[in-house]
1. I'm checking my understanding of the structure. Among residues of the range 1-20 that are assigned to a loop (DSSP other than H, G, I, E, B) and among the charged types (D, E, K, R), which one is modelled with the lowest pLDDT?
2. Within the range 21-78, can you find the residues that are part of a loop (DSSP other than H, G, I, E, B), open to solvent by less than 50 Å² (accessible area, probe 1.4 Å), among the hydrophobic types (A, V, I, L, M, F, W, C) and out of contact with any Lys or Arg (no Cβ under 6 Å at 6 or more places or on another chain)?
Amino acid sequence: MPEALIRWIHPKLGFISPGDFIPLFESNGLIQMVDDFVWNEAAIQIRKWKDQYGIAVPVSVNVSRIDILDSELESKLDGILKKNDSPPFECC
């Protein structure tokens with residue numbers, strides 16, 4: 001199953017490992033913005049594949065520990081799917 005992964009290629013520093021920038025975003029409160037971006041991009045890609053090939057390709061996405069505690073997580077994910085007319089995510 002494909003997995004949505006984020007990579008950071010800085011114009012001067014080059015490739016920055018997720019092991020370095022994810023903890024930074026968790027500590028400064030920006031991880032939810034990063035996760036929202038990744039989830040939305042995954043839903044867009046799923047929709048493109050559905051339109052192009054006629055099938056929904058499941059894509060694994062990560063959920064940060066901060067997002068797990070968000071009481072709005074389910075409605076946030078549902079909103080992303082509806083906005084992109086993508087099939088629902090399945091857990092595990």
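The values are calculated or read from the model by the stated rules, or taken from the named source; none is laboratory data. Fair warning: this is a prediction, and the values are worked out from it, not measured in the lab. FYI the Cβ positions are ideal-geometry reconstructions off the backbone, even for glycines, and counts take in every protein chain you see. The area values use the complete protein model at the heavy-atom level, side chains included, leaving out ligands, DNA and RNA. Shrake-Rupley method; radii C 1.70, N 1.55, O 1.52, S 1.80 Å.
1. Step one: filter the range 1-20 for residues assigned to a loop (DSSP other than H, G, I, E, B), giving 1-2, 4-7, 11-13, 17.
From what is left, the residues that are among the charged types (D, E, K, R) are 7, 12.
Numbers: Arg7: 91, Lys12: 96.
Among residues in the range 1-20 that are assigned to a loop (DSSP other than H, G, I, E, B) and among the charged types (D, E, K, R), the one modelled with the lowest pLDDT is Arg7.
2. Scanning the range 21-78 gives Val57, Val59, Val61.
Per-residue answers, yes or no, for (1) in contact with a strand residue (DSSP E or B) (Cβ under 6 Å, 6 or more places away or on another chain); (2) in contact (Cβ under 8 Å) with a residue 12 or more places away in the chain; (3) of a type outside the set (A, V, I, L, M):
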residue: Trp8; (1), (2), (3): yes, yes, yes
residue: Gly19; (1), (2), (3): no, no, yes
residue: Trp39; (1), (2), (3): no, yes, yes
residue: Asn62; (1), (2), (3): no, yes, yes
residue: Asp70; (1), (2), (3): no, yes, yes
residue: Ser75; (1), (2), (3): no, no, yes
